[in-house]
Amino acid sequence: MEVTSLELTRRRARFADLMELTKPRITFLVLITTLVGFYMGSRDRVNFLLLFHAIVGTGLVASGASALNQYFERDLDARMARTRNRPLPDGRLFPNEALIFSSLMSAGGVAYLMFFVNVLTGVLGAATLTGYIFVYTPLKTRTALCTLIGAFPGAAPPVMGWTAARGEIDAVALSLFAILFLWQMPHFFAISWIFTEDYTRAGFSMHVSGESTGRQIIFFCCALIPISILPTFFGLTGMVYLLGAVLLGFIYLGYGFAVALFRSNTHAHRLLRISVLYLPALLVLMMMDKIQQP
């Protein structure tokens, strides 16, 4: 049976809406940090086939988690200007089909990691998914601590990359986790600052713009500087990374101080932009200055 151009357009639109559920930009960042964790955890040559499996499995889990998050928050998303045009609140997708799509993707990703990578990485994927959907997501309407709690599953991808390469979790893997964990806090505080009214309208208990949030931004930026040099302390990277990490950390801190001092959306936007630049710059430095492990 011939498919008409109108039907083809509808199918493409539906596919695009399903892909939007997966939050491609966030998933891309997850995959980058997974790749970095895998590369840093590889003792000799990179096993590209194993890396491929780790990326595919992690990508499925991350995409499924994002889609499930949108399913559970569809009514709240409808109240916010920044999210009301997403496929579910806009009515372009039915909730049941989004639930089936996201559940199959999530479960398939965990199973894929266990079968093609290793059980530990699959378990981490399952724990990350569970924490994100069943702990972080419901807490977003109950307590501002949700940001801190949500940073735990958000920092898991580099550890999953590490365990995919080595099959174990050690102090170095935990240092990668800590770096991503601390980086997230000023990043998400900046987002909360910018969209305070939107979050309040939807009923989210997020950190609001103000003095307290400014102090926390400074605290986490300060904590990130010594933690970011741990890979050098553990012998994973050299002095180039160490110096670069310290420099990047103080730049990040400077923008955090500006938000705390001036308390404006303009400075929050600047902090958000610098946070998006800080992380890839740090990760590139880390990969370039990796010391070969025995």
Legend entry - Pair list, Cβ under 9 Å, 6 or more apart: the range 127-140 residue more than 17 Å from R74 (Cβ to Cβ), other residue of a type in the set (V, I, T) and open to solvent by 30 Å² or more (accessible area, probe 1.4 Å): G131/I149; V135/I149; L139/I149
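Please specify each residue of the range 220-240 satisfying the condition of being closer than 30 Å to D77 by Cα and open to solvent by 30 Å² or more (accessible area, probe 1.4 Å).
At the first step, the residues of the range 220-240 found to be closer than 30 Å to D77 by Cα are 220-221.
Answer for the range 220-240, where residues must be closer than 30 Å to D77 by Cα and open to solvent by 30 Å² or more (accessible area, probe 1.4 Å): there is none.
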Inset, instruction - Please work out which one of (1) under 15 Å from the mean Cα position of the chain (by Cα); (2) within 25 Å of G256 (Cα to Cα) is the condition K140 fails and give its number. - result: (1)
Legend entry - Breaking point among (1) farther than 19 Å from G154 by Cα; (2) out of contact with any strand residue (DSSP E or B) (no Cβ under 9 Å at 6 or more places or on another chain); (3) buried (at least 22 other Cβ atoms within 10 Å of the Cβ), for I217: (1)
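In the range 138-192, how many are among the hydroxyl-bearing types (S, T, Y) and assigned to a helix (DSSP H, G or I)?
Taking the range 138-192 and keeping what is among the hydroxyl-bearing types (S, T, Y), we get 141, 143, 147, 163, 175, 192.
After this cut, where a residue has to be assigned to a helix (DSSP H, G or I) as well, the list is 147, 163, 175, 192.
Counting residues in the range 138-192 that are among the hydroxyl-bearing types (S, T, Y) and assigned to a helix (DSSP H, G or I) gives 4.
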Legend entry - Within the range 1-102, helices (runs of 4 or more DSSP H) holding 3 or more residues that are touching a residue at least 40 places away in the same chain (Cβ under 8 Å) and open to solvent by 40 Å² or more (accessible area, probe 1.4 Å): 5-21, 24-41, 48-72
Inset, instruction - Check the range 144-166 and report whether any residue there is open to solvent by 30 Å² or more (accessible area, probe 1.4 Å) and more than 27 Å from M206 (Cβ to Cβ). - result: yes
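Among the residues of the range 286-294, is any buried (at least 20 other Cβ atoms within 10 Å of the Cβ), among the hydrophobic types (A, V, I, L, M, F, W, C) and modelled with pLDDT of 95 or more?
Filtering the range 286-294 down to residues buried (at least 20 other Cβ atoms within 10 Å of the Cβ) leaves 286.
Add one more test, that the residue is among the hydrophobic types (A, V, I, L, M, F, W, C), and what stays is 286.
Then drop every residue that is not modelled with pLDDT of 95 or more, which leaves 286.
Yes, there is a match, as at least one residue in the range 286-294 is buried (at least 20 other Cβ atoms within 10 Å of the Cβ), among the hydrophobic types (A, V, I, L, M, F, W, C) and modelled with pLDDT of 95 or more.
The values are calculated or read from the model by the stated rules, or taken from the named source; none is laboratory data. Note that this is a predicted model, so its numbers are computed, not measured. FYI the Cβ positions are ideal-geometry reconstructions off the backbone, even for glycines, and counts take in every protein chain you see. With ligands, DNA and RNA removed, areas are computed over all heavy atoms of the protein, side chains included. Shrake-Rupley method; radii C 1.70, N 1.55, O 1.52, S 1.80 Å.
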